[in-house]
């Protein structure tokens, strides 16, 4: 299991990196943490002829506030750094909760926030979480820059709107609204495995304690992050009673998601789990929202 | 007699090297000019090869050679049978079909070796493998064990008229007569599926043919270096003494590294001789799932006849055993299964037909537990169902049927893997079983805790499973013990080691005899240049067979020491004692002579060695047990299940083991911990998923789920019993496989008990969350 | 792995049938198809380069059609192999005239994957096949509408 | 395409300069180019953890990095922890608690734990499980590894 040959470049600035991507186009692949790409290369399922290593661009690794109380995260911020960052814990607790669920400690030391998102694995926690939090992604190429909302960024299995010559350089996470609560629930065979299914939930309450808005985003439930719009619709304006939550959970599991089958779980089992986890996640998020 | 070294928790001699990265593993061998091999393996499980084109591969820079079966010419021949069928069994059918170094005509399982590339680096070799193009004519595939014997099934081996690899029938008493008198007869069908051994170290081999010295040195991750040496010499037309096989430190064996000859083991030495260059092949993880053997698929149709009081009158079990595409390992596994189908119970009537079946799946040979886990699963499940049917307490029905202590040695009548009638040498089962019951706090749990937890809506179950393990079978092992003039003690044996702590437990045996520090005893295992004779590391036989060989040799050296010392100190032997590397007079300890001095005296430079004596303080001896030693144990667990997510949590785990005399409790406990972790994998996590084409769908450690620290119980609480084996001087029994044997049966019991309100009936292993979901919500 | 589904084309059944049987259209429709040529009335050979994010692999093979009942139903059989493995599959396709100018396609088939891609990529099969079928049919539907527009 | 790179990397305190192919995995570089065979390779897809090394003092999979990526960085392997004559307290603890059997996974576990124990001088059972959850061991069932870590924590505290 040895990777095939490739040309290697180690740019030290974003500009250099973008120039290389522009030059090599489709044959080139940016190398961030490499914790998903390199296994695929070792199996020779991925055979990029050019690797543009982003690990020598220190400027891409940071976490700080933005002017409206949200966060700006550099694409090369490593999971381990995000996991232990006080700002994240305070302002993006859902991300903080997701971190220990990503891979293993060693993987988190190399894997990067932007790399995980660009890889667009439907089983990745951050993919679902970024959508649940209404994240925005800053993409740049030599042609210029654009901001893309998370829910428009992911277009399919391992596929995003990123053009071959384009890089995800920064992620913006807006602040959670007042009186909102969150939860991330998943079921995995072993602690570190890809979740059989998982759900990120964010609910916000209005002044009289009814659900103002609910966001339910599933992982491992389709070819990308799957947002449960119909279930969310059921909750809008409702008091979050056990009955309302159960109805939403059933709707999400039966109507919103279209999970596949694999050796670890049939689509049917995934729907069952989705129902259970949605109920638990909504209760959890609701409790947090009330607590605030 | 009180022991000074045996039975003590002594730190392992091998550890400092392992802990500092100084231990030699096969892939650590570097030789100047060494070449690297990579294999082209068949993607298809069953197909004819119509053409192979290796021209592009041969032209790639850095490639030294590419071989297909054709290129081997007359040197091409299948591997030898590893174990022949038992001669003592009447009317046994056995069709021996063995794997070849490279496939010539027809591929019989995915991953079979089709061509090998030899290149300057493994990287280039893998590039060149992609240059090879093979035309296959795919054939219908035999995957489903249950269908493989149907008349219209495709044939794995065209020269046979069915996929039957072997059939054997064994009986004891008269089951049908017993059934006629029975109050109840219970019938069940069980499905047991396949798992991998998945040792952390994949297989590997380095072969170095020295053209000038006419010597072939092989480093091999094998559990049987002696047999590999002998077989290789025969295959390559060399004398055994021209071949040196070294099984250095090995990253876990668990059975499959006992299998021989793997195609790579036949091929790599041959290539090294062809090219007169050292050649290394290291199996990668994906290859490991296809190319290394695996085990456990069987289908059992079982009947149990009982009295209404719960006395077991008889068992009838006709089962199918998947042997994969070839059967080099003979009938060891089905025989082990049959030997354990009566568990630790006194059952007078038994009848069992076993059909071993060829399928287009990788070869099946023993994996830790080796057929025993299946036998114990079947008998223990049946006893559980009997208890339920008869409304008898599951503990009581077991106690009612245990072989009583005065019945040992107990003749089980049927033939075991050693081709001899299975005799359970010794045992006292009840105290072990009751110890487990007590340690888990059964009474208190079922009377108080469980009802309370159930009231809280928790699904928590308890299980207690007894089991036997036949261990320590022959034929023999040997050892040489030598005291050097330096005072150091040097011990060699042909027995290979894969982490079981032999460098320490064997040293303890020697120290006991010679009164030297365990750390001062240097052990060499698994190097055929150091010791010529031996069999291999299997059947939990290290401490029993090799251990007693070491003991015999050490005792002989002790006699030589005493004889010489009594001359030197002018004192009768019985007034001497061996202590701290010296021989001293019991009554005046300061008068002593060191072992080193004695060793020097035993190898005089002048004078004459007395006729009839040998120079040096050295002895070689062997041990072959009359028959195997039978260990017994009982495991217990408390498990919580979330019936919504199917996630489980093991709250408590108890393992009580009677493996005869314990040489080093620390090592024995370690063996049990590891066995249990593998058993937990077998029960709920580990399964090789084959699709209808014989493709393995989880040939990676991301999808083949060995347990991590998270899936283990908080701790495994261990209890010991000690019924010495009368068959060997040390009184030891094997324990290496014990931990894994009862776990799937234990799991099934715990799940049924935890999910009482679902009236679950578990008839299969391994389970998984998805399968449990189906059982709970689809029935 | 089973592939069962439905798809609605915004066009009459005859038109759908035509494009389905037109290799030049299929080349553009089947995701990653590099070339496809008709070697006999019932047989096409071609090369497909499947690319899913970083994973890529080219398969060469043939597509055979049988049990043809124009414009109602057809059976498609594919066989392909490449460095990362092989795939073979067969499926029945049925076209139902909705009467409102649209056509309902029902497909029911089974696809089997082997080799490296099967042994380490199983987690992705279902999603991949689903999305590839959808991509393909969407493309056919576009072509169909372009033609209608002309 | 064999474009070679001049790589200079500090491993266990020694500066090495070598010419390498970009695709050479760090694990292979350490084992076969530098002869530091204490780092083991168990899966080459980042699951088993046997190849774990310290990359700038953080545990990382050396099978999921290319050697060229180590240029200008600091690597510590098991050979850099302690020697047979003077074991690292963690190594001593593994010896005393029987925290290893075949020893193949051990180097990766030791390198994983060194920084862990420096950051968590008194870890809880749960923290220890989490810390070693990225390392597979087939022999020990992890129990004596857990014991060894607790023992090591004591040793390293005083």
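The values are calculated or read from the model by the stated rules, or taken from the named source; none is laboratory data. Predicted model, so just to flag it, every value in this text is computed and none were measured. We place every Cβ from the backbone using ideal geometry, glycine too, and count neighbours over all the protein chains shown.
Key figures
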| item | result |
| --- | --- |
| Test: residue in segment B:527-537 that is modelled with pLDDT of 95 or more, crowded, with 21+ Cβ neighbours inside 10 Å and more than 23 Å from the chain's Cα centre (by Cα) | no |
| Which listed residue, of B:100, B:165, B:125, B:148, is touching a helix residue (DSSP H, G or I) at 6+ places or on another chain (Cβ under 8 Å) and buried (at least 17 other Cβ atoms within 10 Å of the Cβ) | B:100 |
| All strands (runs of 3 or more DSSP E) inside segment B:1-101 with 1 or more residues being within 12 Å of chain D (Cβ to nearest Cβ) and under 29 Å from the mean Cα position of the chain (by Cα) | none |
| Search result, residues across segment A:1-16 that are within 14 Å of chain D (Cβ to nearest Cβ) and within 17 Å of residue A:140 (Cβ to Cβ) | A:11, A:12 |
| Residue that is nearest to the other protein chains (Cβ to nearest Cβ) [pool: residues in segment B:667-693 that are outside any helix (DSSP H, G or I) and under 26 Å from residue B:378 (Cβ atoms)] | B:689 |
| Spans of strands (runs of 3 or more DSSP E) in segment B:548-666 with at least 3 residues under 42 Å from the mean Cα position of the chain (by Cα) and under 30 Å from residue B:463 (Cβ atoms) | B:629-642, B:647-658 |
| Condition met for residue B:495 (under 24 Å from the mean Cα position of the chain (by Cα) and either surrounded by fewer than 24 Cβ atoms within 10 Å (Cβ to Cβ) or within 14 Å of another protein chain (Cβ to nearest Cβ) (or both)) | no |
| Residue match in segment C:11-27 (condition: assigned to a strand (DSSP E or B) and in contact with a strand residue (DSSP E or B) (Cβ under 7 Å, 6 or more places away or on another chain)) | no |
| Residues of segment D:34-56 that turn out to be away from chain B (no Cβ under 11 Å), over 11 Å from the mean Cα position of the chain (by Cα) and either within 15 Å of residue D:110 (Cα to Cα) or free of Cβ contacts under 8 Å to residues at least 12 places away in the same chain (or both), as a count | 0 |
| Some residue of segment D:14-31 being out of contact with any strand residue (DSSP E or B) (no Cβ under 8 Å at 6 or more places or on another chain), more than 10 Å from every other protein chain (Cβ to nearest Cβ) and over 23 Å from residue A:105 (Cα atoms) | yes |
| Condition broken by residue A:19, with the remaining ones in (1) touching a residue at least 60 places away in the same chain (Cβ under 8 Å); (2) facing chain C (nearest Cβ under 10 Å) satisfied | (2) |
| Residues of segment D:79-111 satisfying the condition of being surrounded by fewer than 24 Cβ atoms within 10 Å (Cβ to Cβ), in contact with a helix residue (DSSP H, G or I) (Cβ under 8 Å, 6 or more places away or on another chain) and within 23 Å of residue D:46 (Cα to Cα) | D:81 |
| Residue in segment B:587-604 that is over 30 Å from residue B:256 (Cα atoms), surrounded by fewer than 20 Cβ atoms within 10 Å (Cβ to Cβ) and in contact with a helix residue (DSSP H, G or I) (Cβ under 6 Å, 6 or more places away or on another chain) present | yes |
| Complete set of residues in segment A:253-282 that are in contact with a helix residue (DSSP H, G or I) (Cβ under 7 Å, 6 or more places away or on another chain), assigned to a helix (DSSP H, G or I) and without any contact (Cβ under 8 Å) to a residue 40 or more places away in the chain | A:253, A:254, A:255, A:271, A:272, A:275, A:279 |
| Segment C:75-126: number of residues that are within 12 Å of another protein chain (Cβ to nearest Cβ) and touching a residue at least 60 places away in the same chain (Cβ under 8 Å) | 10 |
| Residues of segment D:58-113 classified as within 8 Å of chain B (Cβ to nearest Cβ) and on the phi > 0 side of the Ramachandran plot, total | 2 |
| Segment A:162-207 - residue that is in a loop (DSSP other than H, G, I, E, B) and touching a strand residue (DSSP E or B) at 6+ places or on another chain (Cβ under 6 Å) and, of those, surrounded by the most Cβ atoms within 10 Å (Cβ to Cβ) | A:166 |
| Residue list for segment B:372-431, filter: surrounded by fewer than 24 Cβ atoms within 10 Å (Cβ to Cβ), more than 26 Å from residue B:720 (Cβ to Cβ) and touching a strand residue (DSSP E or B) at 6+ places or on another chain (Cβ under 7 Å) | B:385, B:386, B:389, B:390, B:411, B:413, B:414, B:415, B:421 |
| Hits in segment A:25-71 - residues which are more than 10 Å from chain C (Cβ to nearest Cβ) and on the phi > 0 side of the Ramachandran plot | A:25, A:34, A:69 |
| Residue match in segment B:698-707 (condition: part of a helix (DSSP H, G or I) and either within 14 Å of chain D (Cβ to nearest Cβ) or within 19 Å of residue B:200 (Cβ to Cβ) (or both)) | no |
| Selection from segment A:258-270 of residues that are more than 7 Å from every other protein chain (Cβ to nearest Cβ) and surrounded by 20 or more Cβ atoms within 10 Å (Cβ to Cβ) | A:259, A:270 |
| Unmet criterion (only one of (1) touching a strand residue (DSSP E or B) at 6+ places or on another chain (Cβ under 6 Å); (2) within 30 Å of residue D:130 (Cβ to Cβ); (3) not in a strand (DSSP E or B)) for residue D:10 | (3) |
| Entirely in segment B:424-518, the helices (runs of 4 or more DSSP H) that have 2 or more residues that are under 26 Å from residue B:199 (Cβ atoms) | B:502-514 |
| Set A:22, A:46: member being in a helix (DSSP H, G or I) and touching a strand residue (DSSP E or B) at 6+ places or on another chain (Cβ under 8 Å) | A:22 |
| Residues of segment A:50-67 that turn out to be surrounded by fewer than 19 Cβ atoms within 10 Å (Cβ to Cβ), modelled with pLDDT of 95 or more and part of a loop (DSSP other than H, G, I, E, B), as a count | 3 |
| Conditions (1) touching a helix residue (DSSP H, G or I) at 6+ places or on another chain (Cβ under 6 Å); (2) crowded, with 20+ Cβ neighbours inside 10 Å; (3) farther than 16 Å from residue B:686 by Cα: number failed by residue B:760 | (2) |
